[in-house]
Amino acid sequence: MKRGCEEGTCGTCTILLDGKAVKSCIMLAAQTENGSIITIEGIGTREKPHIIQQAFVDEGVVQCGYCIPGMILAAKSLLDKNPTPTKEEVKLALDGNLCRCTGYSGQIKAVLNAAANMRGDKQ
Ligand code: FES
Ligand code: FES
């Protein structure tokens, strides 16, 4: 998990709380009581990345990398609920995650590719 704006606007601090992407900087510890928390460290490793992480690398959308953990967790929250999202649904899911380097089209494509890979679709 990364620290950024600390006021709920950038999304870099995103975690999954009971599977839902939330901005941890604007949450109190008490709000997470008895909840299941997953951070970016919990979904993949350098040696064995999560399919979404691999899709971001394959699409070449990791530049400075600052926004990427939050983007990936926001994407995971979406794809765990909706394995066949539309482009608009991906845009909405990433809406709270700011990227200053890449623009967003590659990241949206990476999430759509990850969805296809998670479903086992041939591309
Ligand atoms: S650090 Fe920017 S939303 Fe939390
Ligand atoms: S890759 Fe640099 S902020 Fe998104």
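Here, each number is a calculation from the coordinates, and none is a lab measurement. Worth saying up front: this structure is predicted, and the values here are computed from it rather than measured. Cβ sites come from the backbone with ideal geometry, for glycine too, and all protein chains shown count toward neighbours.
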Pairs from 23/81; 91/122; 48/81 whose Cα-Cα separation, in the structure shown, is over 21 Å: 91/122; 48/81
Env charge @ residue 12, Cβ radius under 13 Å, K,R +1 / D,E -1, value +2
Using the Kyte-Doolittle scale, which helices in the chain average at least -1.0 and also have C-alpha atoms spread 18 Å or more along the helix axis, with helices defined as whole DSSP H runs? 68-81, 105-119
Between residue 92 and residue 6, with labels modelled 7 Å along Cα→Cβ, what's the label distance in nm to one decimal, could you check? 3.3
PRE reach from residue 119 (point 7 Å along Cα→Cβ): which of the stretch 41-66 fall under 16 Å by backbone N? 52
Rounded, prolate or oblate, given the Cα gyration tensor of the stretch 1-67, with a/c below 1.5 counting as rounded? oblate
Extension length gain for residue 30 and residue 64 (0.36 nm per residue less Cα distance), in nm, is 9.0 nm
For the stretch 1-18 versus the stretch 30-64, the gap between their alpha-carbon centres in whole angstrom: 13
Projected-area average for the chain over all orientations - Cα convex hull basis, square nanometres: 7.4
Report the charge-dipole magnitude of the stretch 12-93 in Debye, nearest 20, computed about the Cα centre from +1 at each Lys and Arg Cβ and -1 at each Asp and Glu Cβ. 80
